[in-house]
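This report refers to the structure that appears directly beneath it.
The values are calculated or read from the model by the stated rules, or taken from the named source; none is laboratory data. Given the structure is predicted, the values throughout are model-derived calculations rather than measurements. Positions of Cβ are backbone-derived with ideal geometry, glycine not excepted, and every protein chain shown enters the neighbour counts. The protein model used for the area step is the full one, side chains on, heavy atoms only, and it has no ligands, DNA or RNA in it. Shrake-Rupley method; radii C 1.70, N 1.55, O 1.52, S 1.80 Å.
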Amino acid sequence: MGSACIKVTKYFLFLFNLLFFILGAVILGFGVWILVDKSSFISVLQTSSNSLRVGSYVFMSVGAFTMLMSFLGCIGAVNEVRCLLGVYFAFLLLILIVQVVAGTVFYFKTGEVKQEMGNIVMELIRNYNSSHNNSAQNTWDYVQAQVHCCGWVSFQNWTENAELMSSTNITYPCSCKDKKQVNDGPVMGFCQLPSNSTVIGNDPEYWPVYEEGCMEKVQAWLQENMGVILGVSWAYSCQSACAGTSILKTTARSPSTEAAAVSTSLPIPPPQGS
């Protein structure tokens, strides 16, 4: 019975660590994606935020470390190497401590991160130049068009762009256009409506754009992804620690150990007299 429990437990831990080896690869890939992505909101933050680059390196490190720990856990569980399992659980404890610290820092830094994001986007909107073609502008146009939003807090943020507001006709960001009001057209730069003699200047109230800002949608996307990664990491460490503790206990009383204990406890028959 004890031998069967040992086998079931160790193969469960093996499969569990194999799963999280794959998870580590996913986290590593997520960190690499943050560094190389050029077609989402991440690209906008990359241009001005050192925190994002640091975060990408953290994800890459955690992913690689998770893969290494999962590999050690698989080897230790299958071969019942108690020394290797001991090292494995020591590092698991370290990961748990790091996650507690990271979760606390992330919680108290949420407001600061949101403020930094807002500053980056507002700076981009103010300096947006329709005659220039750069990756940050193109990415923000892509975000507005795909998420169906305009500006950061609201479409009124675009009134801080000097080039846009200097127009004498109704001119608006092409990527902000509400497709229910305007037919398909360019999604980059500024677009103009036919001149209207009743409207003087570029009045934002006549812009055929989405009125909702992108702030809440972008922040929700980032928080959702961070929450999933932190949650899975917590589950990984806790479940591995529980399963691994069982392995350490059962390997301490493996069949070979019990057999040795039984053999030493058996009475030695007295030698037959001559």
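Within segment 134-144, track down each residue that is open to solvent by 20 Å² or more (accessible area, probe 1.4 Å) and either touching a residue at least 12 places away in the same chain (Cβ under 8 Å) or not in a loop (DSSP other than H, G, I, E, B) (or both).
Residues of segment 134-144 open to solvent by 20 Å² or more (accessible area, probe 1.4 Å): 134-135, 138, 142.
Within segment 134-144, Ser135, Asn138, Tyr142 qualify.
With respect to the conditions (1) open to solvent by less than 70 Å² (accessible area, probe 1.4 Å); (2) at pLDDT 75 or above; (3) not aliphatic (A, V, I, L, M), Gly111 lacks only one, and its number is (2). Residues that are open to solvent by 60 Å² or more (accessible area, probe 1.4 Å) and closer than 24 Å to Asn202 by Cβ within segment 114-133 comprise Glu123, Arg126, Asn127, Ser131, His132, Asn133, listed in sequence order. Applying the criterion of at least 2 residues that are at pLDDT 75 or above and among the β-branched types (Val, Ile, Thr) to the helices (runs of 4 or more DSSP H) found wholly in segment 1-98 leaves 2-36, 50-79. Of Ala64, Ala136, Ala162, all but one fail to be in contact with a helix residue (DSSP H, G or I) (Cβ under 6 Å, 6 or more places away or on another chain) and not assigned by the TED database to the domain that holds Asn17; the exception is Ala136.
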